[in-house]
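The values are calculated or read from the model by the stated rules, or taken from the named source; none is laboratory data. The model shown is predicted, which means the values in this text are computed figures rather than measured ones. Every residue, glycine as well, gets a Cβ built from its backbone with ideal geometry; the counts of neighbours run over all protein chains shown. These accessible areas exclude ligands, DNA and RNA; they are computed on the full protein's heavy atoms, side chains included. Shrake-Rupley method; radii C 1.70, N 1.55, O 1.52, S 1.80 Å.
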Amino acid sequence: MPPTFLSTFHLILSTLSTLPTLQNLNQEVFSLPGYGPQGRIMLIHGANEGLMGYIKLSYPGKTSCFGCIGDLFPPPRVSAVDLLVYTPRTPEHCVEWVAVLEWDRAVPFGGPGTVRIDVHNPQHVQWCLEKAQERAKMFHIPTERLDAHLVQLVIGKHPPAFQAGYAFNAGLFSNETFKFVTECSSNLNDMDFFNSGEIYKINTVPNEYCAVCKGK
Ligand SMILES: [Zn+2]
């Protein structure tokens, strides 16, 4: 992505989900003349997983950039499938594993590829629920939330926490974008971190060892 393309925008909104890609964008944006509040080019980045997430604005010389805080991010996962196979952490991951992998492997109600999961079929839901519970126990994941309703929501692609998290993050994005465009109020100083409806203000400082901003 050539810098000249990015320099045609005043505001760059990012929801990139992988750190290397985000850091590439961060580097490109920092190289733009006029980046920062005075130059009227701003990068706003936000991301969430379930009800946990954040939104961040970077001010050169005042706050960290994404090169400065790369060490704060968890190690990158190889793929979403690897997460389901090797390191599931939530009941939703267990249900997703059943829907994406175990259903086609076990073919419980017919030959491979002939029967798709029907979230309105009680037998299908019950089978998925039992497999997801077995999976959760294997990885010592609490199963209190794991019931037929959750199975229907996740397989129906409506996991409640994710939808609420996206909505929450979209609200923060809209708020910061509106303030930036209209100048009706000051933008966020650095970063808002949210977890299950609670918002925490976080202020970071530039890292002098950062290869992108060099702490400036
Ligand atoms: Zn930096």
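Each DSSP beta bridge with both residues in the chain is either parallel or antiparallel, and the antiparallel ones are about 75%.
For the stretch 80-160, carbon and sulfur atoms together expose 57% of the accessible surface, with a 1.4 angstrom probe and every protein chain in place. For W97, the accessible surface of its heavy atoms amounts to roughly 40 Å² (probe 1.4 Å, protein chains only, rounded to the nearest 10). Remark on S14: its backbone amide H falls under 5 Å from those of I44, H45, G46, a criterion applied only to residues 5 or more positions apart or on other chains, H modelled at 1.01 Å from N.
Charged side chains reduced to their Cβ positions (Lys and Arg at +1, Asp and Glu at -1) give the stretch 92-216 a dipole of some 200 debye around its Cα centre. Measuring only protein heavy atoms, the 1.4 Å probe finds V181 accessible over about 100 Å².
Using Cβ point charges alone (K and R +1, D and E -1), the dipole size of the chain about the Cα centre works out to roughly 380 debye. When the residues D190, D71, D118, D104 are ordered by accessible surface, computed with a 1.4 Å probe over the protein chains alone, the sequence from largest down reads D71, D104, D118, D190. Spacing of the modelled spin labels on S17 and A148, each 7 Å from Cα toward Cβ, amounts to 3.0 nm.
For N207, the residues 5 or more places off, or on other chains, whose built amide H falls under 5 Å of its own are C65, G215. Ignoring everything except DSSP H segments at least 4 long, calculate the 222 nm mean residue ellipticity for the chain; use -39,500 (n - 2.57) per segment, divide by total residues, nearest 500. Theoretical 222 nm ellipticity from helices: -11000 deg cm²/dmol. When the Cα positions of P33, A132, A167 are compared along the charge dipole of the chain, P33 comes out farthest toward the positive end, with charges on each C-beta of Lys, Arg, Asp and Glu. Within the chain, the whole DSSP H helices whose Cα atoms reach 20 Å or more along their own axis and whose mean Kyte-Doolittle score is at least -0.5 are 160-182.
Of M52, M191, which has the most accessible area and how do the rest follow, probe 1.4 Å?
The most accessible residue leads, giving M52, M191.
The residues of the chain have, on average, 58 Å² of accessible surface per residue, using a 1.4 Å probe with all protein chains present.
Restricting attention to the chain, lysine pairs at least eight places apart or on different chains and with alpha-carbon atoms under 29 angstrom apart total 16.
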